[in-house]
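The values are calculated or read from the model by the stated rules, or taken from the named source; none is laboratory data. These figures come from a predicted structure and were not determined experimentally. Cβ placement follows ideal geometry from the backbone for every residue including glycine, while neighbour counts extend to all protein chains displayed.
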Amino acid sequence: MPDLRLDSPVQFLKGVGPARAEVLAGLGIRTAGDLLFYFPRDLARRPAREPIEAVRSRAGQDVTLGGVLERARWGGRPYRPVFSARVADNTGAIDVVWFNASWLRDKLNEGDRVVLTGRLRRGSRGLEMNNPKFQILTGDDDPAPAEGEAWEPVYPAGAEITSNQLRSLLRRNLPRLLPLVVDPHDAGYLADRKLLDRRLAVGRLHFPAMPATPISLSAAELPLEPDLSAEEISARRAAARHRLAWDEALLFQLALAMRRRARQTQLAAPALPCDGRVRDRILSRFPFELTGAQRRAIDQIAADLAQQVPMNRLLQGDVGSGKTVVALFAALVAVANKCQAAIMAPTEILAAQHHDRIAQYLRGSRVRWAMLTGSLTAAARRDVHARLAAGDLDLVVGTTALLSEGVRFARLAVAVIDEQHKFGVYQRSDLRRHAGPAPHTLVMTATPIPRSLALTVFGDLAVSTLDELPPGRGRIDTRVATPANHAAAFDFIAQRLAAGGQAYVVCPRVSPTDDPDAEEDPAALTLSAERAFDRLKPRFSRFGMALVHGQMDRARQQAALADFAAGRVRVLVATTVIEVGVDVPAANIMAVLGAERFGLAQLHQLRGRIGRGEAERSYCLLLTDADDESAAARLGILEKTRDGFRIAEADLAQRGPGRMLGVAQHGQTEFRYIELVRDLPMIRAARREAFATIAADPTLAAPGRAILRRELMKTHGATMDLVDA
């Protein structure tokens with residue numbers, strides 16, 4: 001089609017058509033551009049296909065052969081089936097046998113064209129090949145090379161289309177598709193930053209052997225350079241990925257920079273001055289000395305609040321570092337300026353924890369506060385709504401109930417969002433929309449954010465870090481218990497309970513039905529809280545036990561937590577509902593069942609529930625059913641350090657940002673090409689360039705930036721008002 005564009009329907013490409021277009025749509029490939037940017041997940045080395053006659057003397061060697069399947073038959077015994085056949089090409093034939101091959105019954109048939117890779121051996125009837133790897137060829141498959149070795153891309157395939165067929169489609173269509181790729185940067189820009197031309201980068205992510213010279217539009221398929229070494233192939237792939245990762249980083253940072261500038265120049269927040277008298281009056285509410293880190297964060301927040309530009313700050317700190325105190329300081333600055341403040345938490349347990357602490361700190365003050373959660377009666381909710389709208393409440397603590405339709409603030413000036421990664425970007429933005437004029441915003445997390453992640457997912461927020469713990473936090477000994485040590489671990493917990501301790505037992509799920517594919521072996525570790533509660537009764541019932549999880553109603557949760565806090569029960573079996581907002585100073589033991597199923601950062605946060613009281617030493621036991629060395633080594637990081645930032649960096653490297661913080665399901669950005677740990681220097685460079693570019697050209701209106709602006713709007717335009725949320 002002469003007017004081919006990247007948004008043209010894929011069915012008009014060579015080798016596609018309407019039927020295959022439907023199959024490709026199942027892989028998310030609907031346009032020519034979708035196919036072009038459907039990159040392989042790996043690259044496989046494939047030896048040359050040889051004629052059968054040429055390998056007659058090479059018994060004991062690995063070879064690749066091709067031909068037609070003949071004389072296919074089944075034999076052997078019912079419990080050990082054997083599939084045998086002959087494979088013939090135009091030079092000869094060879095016997096092939098697959099043992100224990102019932103899985104082949106619906107895969108191989110006489111007349112199939114196949115490529116086999118395996119070791120030759122001398123059998124009773126001559127040369128044969130046992131259990132070779134095989135590839136069934138269809139009409140448009142790209143067979144193994146007849147000469148020399150090849151590196152072939154391996155694509156994520158589907159039930160009705162193979163990786164080989166996708167590879168053939170790409171190689172046939174790339175000569176027409178690559179010229180449609182437009183580079184927003186000129187040759188000088190690319191040379192200064194040592195970046196590939198974008199067309200070449202896209203082509204080489206598919207086929208690293210693609211030459212750097214322009215490809216003829218009339219080419220039947222993409223020409224490839226022969227005889228490239230493994231090192232050259234690897235270097236070409238890395239350079240291609242780096243180019244697309246740069247584009248991804250630059251566009252994201254441009255969106256952050258543009259949004260920040262718009263907020264600074266177009267939005268106005270109430271200025272909330274905090275002189276020494278106001279500061280001292282607020283700090284006198286706290287019956288302890290603040291840490292140096294808390295004072296630094298308060299200074300930064302006070303400076304932000306005094307401006308008419310809306311504060312947009314991330315407060316990160318380890319479990320127990322005192323974030324609530326800093327957040328309450330920000331809220332009380334608003335109250336001192338006759339404005340309102342709101343604190344939003346992801347769970348009712350955490351909201352209640354905040355409310356109770358605030359009640360302690362504000363006892364005897366004139367500050368008017370309330371809690372707003374979904375469990376309030378309709379009458380109680382209407383009362384809180386009315387008082388907020390009338391300005392008769394200074395401070396409200398709540399859950400997502402703060403986002404409900406009936407909530408209106410008279411003069412909200414400070415919004416605090418705790419455990420912010422538990423909320424989607426749209427939810428966080430909704431709180432501001434309920435507020436009228438732009439409020440100052442403080443978001444908090446107890447999951448330390450590695451620098452690379454702070455520059456990307458949270459790249460538009462100023463960051464305050466609480467890197468000190470208040471005095472009096474006890475030592476926590478952490479140990480990994482493999483299956484051989486489970487009994488000893490539970491015996492140890494019983495000993496500590498007998499000595500007066502209190503223990504959390506944390507499970508990854510509520511009940512066995514939460515994971516129907518995971519049938520628990522009676523001898524294996526119990527992973528569900530309900531079953532663990534029953535199984536542990538014989539060991540721990542004499543100490544008093546309670547169960548708490550997120551599927552219980554709030555009254556039962558609160559009753560169980562109250563019994564544990566009061567010491568009426570000394571063993572609390574729970575899910576991760578206790579991860580945040582639960583503060584029982586007497587608790588000094590934690591056992592995490594199925595610990596290998598958690599991220600390191602989450603385990604570190606769970607561990608922060610103990611070691612909060614007067615006990616000099618607490619104990620965290622990470623019980624795992626995984627008996628392999630890699631699981632033990634990963635969990636072993638927690639044995640060696642309590643530094644949340646070191647743990648977070650390790651978690652990021654192992655699990656990626658989406659799984660580490662749960663951001664994938666909460667509306668944050670996942671990157672296709674950026675590798676956060678490896679690419680940190682590149683991310684920093686892209687950030688510097690993006691912010692300098694927007695400072696000089698706020699709307700990217702300068703000549704030569706039209707393509708860049710168009711790409712930015714296409715990639716981030718729909719969410720640019722939320723990237724800082």
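Looking at the structure I just gave you, is Thr447 under 19 Å from the mean Cα position of the chain (by Cα), β-branched (Val, Ile, Thr) and either at pLDDT 65 or above or under 28 Å from Leu362 (Cα atoms) (or both)?
Yes: the conditions hold for Thr447.
Would you mind listing the helices (runs of 4 or more DSSP H) fully within region 309-419 where at least 1 residues are β-branched (Val, Ile, Thr) and touching a residue at least 40 places away in the same chain (Cβ under 8 Å)?
Of the helices (runs of 4 or more DSSP H) lying wholly inside region 309-419, those with at least 1 residues that are β-branched (Val, Ile, Thr) and touching a residue at least 40 places away in the same chain (Cβ under 8 Å) span 323-336, 348-361.
Any idea which residue in region 154-176 is surrounded by the most Cβ atoms within 10 Å (Cβ to Cβ), counting only those that are of a type outside the set (Gly, Ala, Ser) and in contact with a strand residue (DSSP E or B) (Cβ under 6 Å, 6 or more places away or on another chain)?
Arg167
Does any residue of region 649-662 turn out to be at pLDDT 90 or above and either surrounded by 15 or more Cβ atoms within 10 Å (Cβ to Cβ) or in a helix (DSSP H, G or I) (or both)?
Within region 649-662, none of the residues are at pLDDT 90 or above and either surrounded by 15 or more Cβ atoms within 10 Å (Cβ to Cβ) or in a helix (DSSP H, G or I) (or both).
What are the residues in region 46-61 that are out of contact with any Gly (no Cβ under 7 Å at 6 or more places or on another chain) and under 17 Å from Phe134 (Cβ atoms), if any?
Arg46, Pro47, Glu50, Val55
From the list Ile282, Ile301, Ile349, Ile358, exactly one residue is closer than 13 Å to His440 by Cβ and either at pLDDT 95 or above or touching a Leu at 6+ places or on another chain (Cβ under 8 Å) (or both). Which is it?
Ile301
Would you point out which residue out of Ala25, Ala44 is closer than 30 Å to Leu180 by Cα, without any contact (Cβ under 8 Å) to a residue 24 or more places away in the chain and not aromatic (Phe, Trp, Tyr)?
Ala25
Residues that are more than 27 Å from Ala159 (Cβ to Cβ): find the strands (runs of 3 or more DSSP E) completely inside region 1-91 holding 3 or more of those.
Fully inside region 1-91 and qualifying: 62-77, 80-88.
Quick one: would you say Ser168 is at pLDDT below 90 and outside any loop (DSSP other than H, G, I, E, B)?
Yes, satisfied.
Does Phe564 satisfy the criteria of being surrounded by 24 or more Cβ atoms within 10 Å (Cβ to Cβ), touching a residue at least 40 places away in the same chain (Cβ under 8 Å), among the aromatic types (Phe, Trp, Tyr) and assigned by TED's automatic domain parsing to the domain that holds Leu536?
Here the answer is yes, as Phe564 does meet what is asked.
Of all residues in region 171-211, count the ones that are in a helix (DSSP H, G or I) and in contact with a Phe, Trp or Tyr (Cβ under 8 Å, 6 or more places away or on another chain).
6
Residue by residue through region 41-54, note down the ones that are modelled with pLDDT of 85 or more and under 26 Å from Ile233 (Cβ atoms).
Matches in region 41-54: Arg41, Asp42, Leu43.
Residues being modelled with pLDDT of 80 or more and either of a type in the set (Gly, Ala, Ser) or surrounded by 15 or more Cβ atoms within 10 Å (Cβ to Cβ) (or both): count how many of those fall in region 69-80.
So the answer is 1.
Please state which one of Gln316, Gln340, Gln353 is closer than 30 Å to Ser375 by Cα and in contact with a Lys or Arg (Cβ under 7 Å, 6 or more places away or on another chain).
Selected residue: Gln340, the only one of Gln316, Gln340, Gln353 that is closer than 30 Å to Ser375 by Cα and in contact with a Lys or Arg (Cβ under 7 Å, 6 or more places away or on another chain).
Residues that are modelled with pLDDT of 95 or more and over 33 Å from the mean Cα position of the chain (by Cα): does region 309-329 have at least one?
Within region 309-329, not a single residue is modelled with pLDDT of 95 or more and over 33 Å from the mean Cα position of the chain (by Cα).
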